[in-house]
Amino acid sequence: MDLKLSVNNSKTTSINFHDNVKDDYLPSISEAELSDEKVLNELDQLHAELRDQVIVLGHHYQQDDIIRYADVTGDSLALAREAKASTRRYIMFCGVHFMAETADILKRLDQTVILPDLHAGCSMADMANRQYIDQAWSTLEQWTKARVIPVTYINSDAKLKAFVGDHHGVICTSSNAEKIIRWAFAQGEKLLFFPDQHLGRNTCYKMGIPLDQMVVYNPTMWNGGLTPEQVHKAKVILWYGYCSVHQGFTLEHIKRIRAHRPETTVIVHPECCFDVTHNADVAGSTNFIIDYIRKAPAGTSFAVGTEINLVNRLAREFPDKTIFSLSPYQCLCTTMYRIRPRWLLATYRAIKAGSPINIIRVDEDTKRSALVALERMLAIS
Ligand code: 13P
Ligand code: SF4
């Protein structure tokens, strides 16, 4: 699908991007040329002036200069709930594409969802698409008579949410995965869990399912790299997908902490691989990590296995505790980081001018089916 890219309000060119985005892509070049100080000053004004019309939702991985404008911060589940509850005309989503799509599915008809940079995607969400899932599903249908329940992590395209809505399945986030998987096993005998193999494996293992009852379906291999026999024996079919940011944390990092700073609590996000999650002291969603650290006594030391903007913010917010990244490298989500104050300013200016840009719209058919799965998730969690 084509998008118009307006540069300096005079020329247009076309780029390909997500199917459901039809509005102008980037703001005029004037926002790109402003000094940081001018951007923040004007944003302060517009944010205050348009407060009645615009709610800004900020995921915890956003940079501080975006979080300062967020009316609400949260993890994926909390922000989905906020989007559903919000009554303001515009929902400014400072997060990534799948989150803004989720907001568009849950919002009221008279509201508009805006993503300040349309290129803020999620590499994990891109590891599964409708064509791959249809193919996997038809292979499973041929190979097993068991009832398979499809479960998609919320980090997925709206079309995959629609798929699970149409196939008696459900959506989960990192904070409700256990409840959702329990529900799914009450409906059927096997799960197809996509796209994050780690969240699926970590959660199912925690619930008592042994690793040898889980197999990995790799969409780039013939029949997913599996045999009918393997599928027959498995309770859980995990998709070969992962978060490249959380893959950055390794068992070596934990061993180093245990050896040199044994008093430290290792706390990680369940998108980390099995070895890391299994050997950490605690694991949970971003909201869980924040709450856990907040409630810990002063003087506690934490090595945190999640995105660096959140880790640094926690270190600043809780100076009575020692908080640092589990990895010696900067585990930055570069797509979350695409949301910059100047692009936020451009979207505010466009709202003020009466012609909003960077609107996220999910088509009606997809929306209808995806809503079934999202409402199911919200009811269970
Ligand atoms: P949560 O904030 O829901 O834990 O998810 C983390 C994440 O990777 C979002 O993309
Ligand atoms: Fe996607 Fe990982 Fe970034 Fe979350 S942290 S948006 S899962 S790439």
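Numbers for the structure displayed
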item: For region 46-59, Karplus couplings with θ = phi - 60° (6.51, -1.76, 1.60), whole Hz, Gly/Pro x; result: 5, 4, 5, 5, 9, 3, 6, 9, 10, 10, 9, 9, x, 6
item: Dmax and Rg, reported as Rg then Dmax, of region 269-381 (C-alpha, Å); result: 19.1, 53
item: Rg(Cα) / (2.2 N^0.38 Å) computed for the chain, rounded to two decimals; result: 1.01
item: Integer Hz, Karplus 6.51/-1.76/1.60 couplings in order for region 112-129, x for Gly and Pro; result: 10, 9, 10, 10, x, 10, 5, 8, 7, x, 9, 5, 5, 4, 6, 7, 9, 9
item: Over the chain: helical MRE at 222 nm, DSSP H runs n ≥ 4 each giving -39500 (n - 2.57), nearest 500; result: -12000 deg cm²/dmol
item: Ratio Rg/Rh, restricted to region 64-184 and using Cα atoms, in which Rh is the Kirkwood radius; result: 1.02
item: Relative contact order (percent, whole number), the chain, Cα cutoff 8 Å, 6+ residue spacing; result: 22 percent
item: All lysines inside 22 Å of residue 295 as judged from Cα atoms, apart from same-chain residues fewer than 8 positions distant; result: 321
item: Test item: Cα-centred dipole of the chain, Lys/Arg +1 and Asp/Glu -1 on Cβ, debye; result: 680 debye
item: Over region 182-285: Kirkwood hydrodynamic radius from C-alpha pairwise inverse distances, Å; result: 14.8 Å
item: Ranking of 376, 256 by count of other Cβ atoms within 10 Å, fewest first; result: 256, 376
item: Relative packing of peptides 197-203, 290-296 - highest average C-beta neighbours within 10 Å first; result: 197-203, 290-296
item: Using θ = phi - 60° and Karplus 6.51 cos²θ - 1.76 cosθ + 1.60, couplings along region 169-180 (whole Hz; Gly, Pro as x); result: x, 7, 10, 9, 10, 6, 8, 10, 4, 5, 4, 5
item: Residues 73, 334, 265 arranged by fewest to most Cβ contacts within 10 Å; result: 334, 265, 73
item: Peptides 357-367, 231-241 ordered by average Cβ neighbours within 10 Å, highest first; result: 231-241, 357-367
item: Sequence of 336, 207 once ranked by neighbouring C-beta atoms within 10 Å, starting from the fewest; result: 207, 336
item: Peptides ranked, highest mean first, by Cβ atoms within 10 Å: ranges 39-46, 95-102; result: 95-102, 39-46
item: Centroid-to-centroid separation of region 185-234 and region 67-118 [C-alpha atoms, Å]; result: 32 Å
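Coordinate-derived values only; no laboratory data. Everything quoted here is computed from the prediction, not taken from an experiment. Every residue, glycine among them, receives a Cβ derived from its backbone with ideal geometry; neighbour counts consider all protein chains shown.
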